[in-house]
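I have placed the structure first, in the form of structure tokens, so that the comments after it can refer back to it.
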Amino acid sequence: MKILVVDDEADVQPLFLQRFRKEIRNNEIEFSFAQSGEQALNYLHEKQSEVVLILSDINMPGMSGIELLTHIREDFDTPPPPVVMMITAYGDEENHRQAMEKGANDFLTKPLDFTLLKEKLKTFTDQ
């Protein structure tokens, strides 16, 4: 499964690579990373068919995760559309409501619970 992680924090990439090292080694998961919504859209325009799941932070400078989600749902709706899970440091209801209205498949709160994330990923791969 190819996952695109979109987050402006530089420490996210080594954290994901460390927490998923077994799955990466077993070729179960492949990660790509974008540090902005704009970078994520560029990546998707080049490799849309490869990406199965997008994990996107909501609060980023420039294009927010909500704006990115809107672009993904409008521009990349060819079947199957990517699964999008939104991540935020704030567990506030407004971000959650907006993300779900814009078509998010799920919502996670920072700090990420990687055990929970792995369980959620299994439900998407078992479909």
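Among the listed residues 68, 53, identify the single one that is more than 17 Å from residue 42 (Cβ to Cβ) and either free of Cβ contacts under 8 Å to residues at least 24 places away in the same chain or touching a strand residue (DSSP E or B) at 6+ places or on another chain (Cβ under 7 Å) (or both).
Values: 68 fails: more than 17 Å from residue 42 (Cβ to Cβ).
Being more than 17 Å from residue 42 (Cβ to Cβ) and either free of Cβ contacts under 8 Å to residues at least 24 places away in the same chain or touching a strand residue (DSSP E or B) at 6+ places or on another chain (Cβ under 7 Å) (or both) holds for just one of 68, 53, which is 53.
Could you list, in sequence order, the residues of segment 2-35 that are open to solvent by 60 Å² or more (accessible area, probe 1.4 Å), under 16 Å from residue 54 (Cβ atoms) and part of a loop (DSSP other than H, G, I, E, B)? First the steps, then the outcome.
Let us first name the residues in segment 2-35 that are open to solvent by 60 Å² or more (accessible area, probe 1.4 Å), namely 9-11, 13-15, 17-19, 21-22, 25-28, 30, 35.
Now drop any that are not under 16 Å from residue 54 (Cβ atoms), which leaves 13, 30, 35.
Of everything in segment 2-35, just one residue is open to solvent by 60 Å² or more (accessible area, probe 1.4 Å), under 16 Å from residue 54 (Cβ atoms) and part of a loop (DSSP other than H, G, I, E, B), namely 35.
Could you figure out which of (1) within 13 Å of the chain's Cα centre (by Cα); (2) open to solvent by 30 Å² or more (accessible area, probe 1.4 Å); (3) at pLDDT 95 or above; (4) not hydroxyl-bearing (Ser, Thr, Tyr) isn't true of residue 71?
Every condition holds for residue 71 apart from (1).
Hey, could you check segment 117-127 for residues that are at pLDDT 90 or above and surrounded by 11 or more Cβ atoms within 10 Å (Cβ to Cβ) and say which is nearest to residue 22 (Cα to Cα)?
In the first step, residues of segment 117-127 are kept if they are at pLDDT 90 or above; the result is 117-121.
If we keep only those that are surrounded by 11 or more Cβ atoms within 10 Å (Cβ to Cβ) too, we end up with 117-118, 120-121.
Working: 117: 15, 118: 12, 120: 17, 121: 14 Å.
The qualifying residue nearest to residue 22 (Cα to Cα) is 118.
Among the residues of segment 76-107, write down those that are closer than 20 Å to residue 35 by Cβ, surrounded by fewer than 19 Cβ atoms within 10 Å (Cβ to Cβ) and either in contact with a helix residue (DSSP H, G or I) (Cβ under 6 Å, 6 or more places away or on another chain) or at pLDDT 90 or above (or both).
Answer for segment 76-107, where residues must be closer than 20 Å to residue 35 by Cβ, surrounded by fewer than 19 Cβ atoms within 10 Å (Cβ to Cβ) and either in contact with a helix residue (DSSP H, G or I) (Cβ under 6 Å, 6 or more places away or on another chain) or at pLDDT 90 or above (or both): just 76.
Of the numbered conditions (1) closer than 20 Å to residue 15 by Cβ; (2) open to solvent by 30 Å² or more (accessible area, probe 1.4 Å), residue 114 satisfies every one except a single condition; which is it?
Tallying (1) closer than 20 Å to residue 15 by Cβ; (2) open to solvent by 30 Å² or more (accessible area, probe 1.4 Å), residue 114 fails exactly one: (2).
The values are calculated or read from the model by the stated rules, or taken from the named source; none is laboratory data. What you see is a predicted model; the values in this text were computed from it and never measured. In this analysis, Cβ positions are derived from the backbone assuming ideal geometry, glycine residues included, and neighbour counts consider all displayed protein chains. To get the accessible areas, we keep the full protein, side chains included, count just its heavy atoms, and leave off ligands, DNA and RNA. Shrake-Rupley method; radii C 1.70, N 1.55, O 1.52, S 1.80 Å.
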